[in-house]
Amino acid sequence: MTTAALFILLFACMFIGVPVSIALGLSSVATILLFSDDSLASVALKFFENVSEHYTLLAIPFFILSSAFLSGGGVARRLIRFAIDAVGHIRGGLAMASVLACMLFAAVSGSSPATVAAIGSIVIVGMVKAGYPKEFGAGVICNAGTLGILIPPSIVMLVYSAATEVSAARMFMAGFIPGIGMGLLLMVAIYVVACIKGLPAQPRASFRELVLSGFSASGGLFLIVIVLGAIYGGIASPTEAAAVSAVYAFMVACLGYRDIGPMKDIPWRKDGEGIGGIVARNTGQVLWALPKCVFDKEVRHTIMDAAKVSIMLLFIIANAMLFAHVLTTERIPHAIAETIVNWGLPAWGFLIVVNLLLLAAGNFMEPSAIILIMAPILFPIATQLGIDPIHLGIIMVVNMEIGMITPPVGLNLFVTAGITGENLQWAIKAALPWLSLLLVFLIFITYIPQISLFLPEYIDYLKGYK
């Protein structure tokens, strides 16, 4: 009765257009009031505890802020130039370079829509000018952008870690090989299509041009070394590494590349007077970089945008965790687990059910909410069937990738439509031909666990060996 009431209220609210975050909280509160022994006061306490007691979730605002600075700080443009110099000379190389740029940007942003917006807004226009069909370019970017939640650091992986209390560092390690594999699969498909359609190749870059573009992009690429090196080296937790990444992204965007903030187009001092000082071209007045950047209007606007996204996402997470709390206190996951186990499904059959559930949910809900609702239900069943929690997490993340490009709530579709100036139907038509690759990839990830588990298990072995 409680289970039926909870889910009926949830889907009824969503059906009449209530935002998912509010629908989750409203259905949870109504269920507590009608069917539970908990008091209404405990709801407010639990709502606060959901966010405050999960230390890992604190990394999310920092990664979002880091992504905001890098998206507006010219990092995407430099990564694209480096990717074109690296693989642009191959037939279909511009599209392949776009996928490589998405992979690199995913490793510094952790967000799928941010990857599509930052890379797509530049390369789709470039592909059209180079002779690629517009639908082809948009479809490639829309799909490659999903790597933003698979290649670490990933916000969705942090949410899964908070929901199941598995190691965020091990989840990040598990995403490396699948992320690279998915990117390579897209590149191979692009090459095949390019050969069939006769798509152009770019002039081969010289070794000197490749080195220079790599050096230019190193400001953004070094963030990968800082974040992942600190986490895997045991120097910092994911939350601490995220905080460092936000500060580093600010320094790179405002003081290094100086694409945002008051230092735009102002050269560093040539006369050596004053450490860190720079001279304005017209007045020669000495400006001090850090104070000016902190109080700059453009920087404040970037921080405000990141704060809005963070608050929105954390509000969804808090409500979803309240929903998960109701599930747990009413022992709904245990009842579902017992039912499924009694069906006698083998592990491979259970994983088919998992994929079908997640693919259906991905059509209607935001990834973080799906993870927080489904993980408490699926986690105990997977454990009983001997499925590794890290493997289950990667399966869920890949399903969320597919949800990013399936209507009606595919976030990447809306971003793609926005940056191309086309309607949503056009974006769906452009993205769907590439969806089959993701579905094939999902099958491999589901039934070959070592794709996900090899790297974390190998690193655990090295640590044990030491």
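Read-outs throughout are calculated quantities, based only on the coordinates presented, and are distinct from any laboratory measurement. What you are looking at is a predicted structure, and each value in this text was computed from that prediction instead of being measured. As a convention, Cβ positions derive from the backbone with ideal geometry for all residues, glycine included, and neighbour counts pool all protein chains shown.
Brief remarks follow.
- In degrees, nearest ten, helix 297-329 long axis to first principal axis of the chain (Cα): 20 degrees
- Between Val128 and Ile235, the modelled label-to-label distance comes to 4.3 nm, taking each label 7 Å out from Cα in the direction of the beta carbon.
- Angle between the chain longest axis and helix 2-15 axis [Cα atoms, degrees, rounded to 10]: 40 degrees
- For segment 173-188, backbone nitrogen atoms closer than 17 Å to the point 7 Å from Phe444 Cα along Cα-to-C-beta are found at 174-188.
- By definition, a body whose alpha carbon gyration tensor gives a ≥ b ≥ c is oblate when a/c is 1.5 or more and a/b is not larger than b/c, and segment 185-242 fits this oblate description.
- The protection proxy used here, the mean number of other Cβ atoms lying within 10 Å of each residue, ranks peptides 30-37, 109-116 as follows, highest first: 109-116, 30-37.
- Burial ordering of Cys102, Cys195, Cys254, fewest other beta-carbon atoms within 10 Å first: Cys195, Cys254, Cys102
- Where labels lie 7 Å past Cα in the beta-carbon direction, separation of Ile311 and Leu345 in nm: 4.0 nm
- Residues Val87, Val18, sorted so that the one with the fewest Cβ neighbours within 10 Å comes first: Val18, Val87
- Mean residue ellipticity at 222 nm, helices only, the chain: -24500 deg cm²/dmol; runs of at least 4 DSSP H residues each add -39,500 (n - 2.57), and the sum is divided by the number of residues.
- Charge tally around Met171: other residues with Cβ under 15 Å, Lys/Arg +1 each, Asp/Glu -1 each, net -4.
- Across q = 0.18, 0.19 Å⁻¹, segment 100-213 modelled as identical point scatterers on its alpha-carbon atoms has Debye log10 I(q)/I(0) values of -0.96, -1.03, in the order of the q list.
- Within segment 301-424: Cβ-based charge dipole about Cα centre, in debye rounded to nearest 20 (Lys, Arg +1; Asp, Glu -1): 120 debye
- Pairs spanning more than 24 Å between alpha-carbon atoms, out of Lys134/Lys297; Lys134/Lys197; Lys197/Lys429; Lys129/Lys297: Lys134/Lys297; Lys129/Lys297.
- Descending semi-axes in Å of segment 385-448, equivalent ellipsoid built from Cα gyration tensor: 29, 12, 7
- Summed over all non-identical Cα pairs, the Kirkwood treatment of segment 77-139 gives a radius of 11.4 Å.
- Extension gain for Arg300 to Leu33 (0.36 nm times residue separation, less C-alpha to C-alpha distance): 91.9 nm.
- Shape of segment 369-413, Cα gyration tensor, a/c cut at 1.5: prolate
- Using only side-chain charges placed at the Cβ, +1 for Lys and Arg and -1 for Asp and Glu, the dipole size of the chain relative to its Cα centre rounds to 1560 debye.
- In the chain, a dipole from Cβ-located charges (positive for Lys and Arg, negative for Asp and Glu) runs towards its positive end, and of Leu356, Ala106, Ala382 it is Ala106 whose Cα lies farthest in that direction.
- Ordering Met96, Met312 from the fewest to the most neighbouring beta carbons within 10 Å gives Met312, Met96.
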